[in-house]
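**Q** Below is one structure. I have some questions about it.
The values are calculated or read from the model by the stated rules, or taken from the named source; none is laboratory data. Since this is a predicted model, take the numbers as computed values, not measurements. Cβ atoms come from the backbone with ideal geometry, glycine included; neighbour counts cover every protein chain shown. Accessible surface areas use protein heavy atoms only, side chains included; no ligands, DNA or RNA. Shrake-Rupley method; radii C 1.70, N 1.55, O 1.52, S 1.80 Å.
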Amino acid sequence: MRDLEENDLSRYAFKALTTWGNIEDFKHFLPRLFDICARGSSKVDTDILLRKLEYGNFKMWPENERAAVEAFIWQWWQYRIATQSYFDHETFTGIYKISGDLDKILECWNTNIRENGFKILVDCIDNYYSDLIYDGKNFKDFKSEDIKKINSWIVKNKTNLEEGFFYFENKDVEFAETVSNVLFTVEKNCENLK
């Protein structure tokens, strides 16, 4: 199993359960697929892998199997927040759909201005905030109360955005400008979200 690389498994990951194999086959390859994804594979699509879990009735799996997958997912989410250069909407949504635990997703997201999660927060607001507060197409899989919870969490991070602007003002002028823009957007809309 350890000898299988992303080139060996990318096509399987795409076709698993819907075209190739059954749930036991998928469970057999899942640890290696997770390992490949955790290493930053560009060929095994994390969104598809998370959707396969949903398609494979993950919530009905035996408790020990669910616990193992969930343990990986939470560590993986924290790692992605700490290392990604952008907000990964697909993984965010996939983990939400599998776990149903938005509180834990947000709890794992470190938004300290000196941490990478702050940059992910800024990217999230920059690219998805208007969708959250207006049409919600990118968040159609979220319960309405959870969309409100995300918006409330963003508003609570307003202080971080203010501090982040001053922190990056002389370190990274372009990023500081983006922080200023997203802060303005949040301030402009936060009254409507209460």
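**Q** Considering only Thr91, Thr18, Thr111, give the residue with the highest GNM mean-square fluctuation for the chain, with springs between Cα atoms whenever their separation is below 10 Å.
**A** Among Thr91, Thr18, Thr111, the largest GNM mean-square fluctuation belongs to Thr18.
**Q** Stretched out fully, how many nm does the piece from Asp141 to Lys97 gain, at 0.36 nm a residue minus the Cα gap?
**A** That pair, Asp141 and Lys97, stretches by 15.1 nm at full extension.
**Q** Calculate how steeply helix 144-156 sits against the longest principal axis of the alpha-carbon atoms of the chain, using the helix alpha-carbon long axis, and give the answer as 0 to 90 degrees to the nearest 10.
**A** 50
**Q** Output the direction-averaged projected area (hull surface divided by four) of the convex hull of the alpha-carbon atoms of the stretch 1-92, in nm².
**A** 5.8
**Q** Now for a different question. Kindly write out, for the stretch 11-22 in residue order, the coupling ³J(HN,Hα) from the Karplus curve 6.51 cos²θ - 1.76 cosθ + 1.60 (θ = phi - 60°), rounded to whole Hz, with x marking Gly and Pro.
**A** 3J(HN,Hα) across the stretch 11-22, in whole Hz: 5, 4, 4, 5, 9, 4, 6, 8, 10, 10, x, 10.
**Q** Return the subset of Lys104/Lys140; Lys52/Lys104; Lys15/Lys43; Lys43/Lys149; Lys27/Lys140 for which the Cα-Cα distance in this structure is over 25 Å, preserving the input order.
**A** Result: Lys43/Lys149; Lys27/Lys140 exceed 25 Å.
**Q** If you scale each eigenvalue of the Cα gyration tensor by 5 and take the root, what three semi-axes come out for the stretch 94-141, rounded to whole angstrom and sorted largest first?
**A** Details: eigenvalues 77, 55, 9 Å².
The three semi-axes for the stretch 94-141 are 20, 17, 7 Å.
**Q** For the pair Asn170/Asp131, report the inter-label distance in nm, with labels modelled 7 Å from Cα in the Cβ direction.
**A** According to this spin-label approximation, the distance is 3.7 nm.
**Q** Okay, moving on. Could you size up the charge dipole of the stretch 69-194 around its Cα centre, putting +1 on the beta carbon of Lys and Arg and -1 on that of Asp and Glu, and report it in debye to the nearest 20?
**A** I would put it at about 280 debye.
**Q** Shifting gears a bit: If I take every Cα pair under 8 Å that is 6 or more residues apart in the chain, average their sequence separation and divide by the length, what percent do I get for the relative contact order?
**A** Worked out over the chain, it gives 15 percent.
**Q** Additional query: Remind me, what semi-axes does the stretch 61-125 give for its equivalent ellipsoid, largest first in whole Å, using sqrt of 5 times each Cα gyration tensor eigenvalue?
**A** Computed over the stretch 61-125, the values are 23, 11, 9 Å.
**Q** So for the pair Thr83, Thr18, with labels modelled 7 Å out along Cα→Cβ, what separation do we get in nm?
**A** 2.7
**Q** If you build the Cα gyration tensor of the stretch 66-194 and take the root of 5 times each eigenvalue, what three semi-axes come out, in whole angstrom, biggest first?
**A** Details: eigenvalues 117, 69, 25 Å².
Rounded to whole Å, the semi-axes are 24, 19, 11.
**Q** Could you put Met1, Met60 in order of accessible surface area, largest first, with the 1.4 Å probe and the full protein assembly present?
**A** The most accessible residue leads, giving Met60, Met1.
**Q** Could you run the Karplus curve 6.51 cos²θ - 1.76 cosθ + 1.60 with θ = phi - 60° over the stretch 108-120 and give me ³J(HN,Hα) per residue in whole Hz, x for Gly and Pro?
**A** For the stretch 108-120, the Karplus-derived couplings read 6, 8, 7, 10, 4, 4, 8, 10, 4, x, 5, 5, 5 Hz, x marking Gly and Pro.
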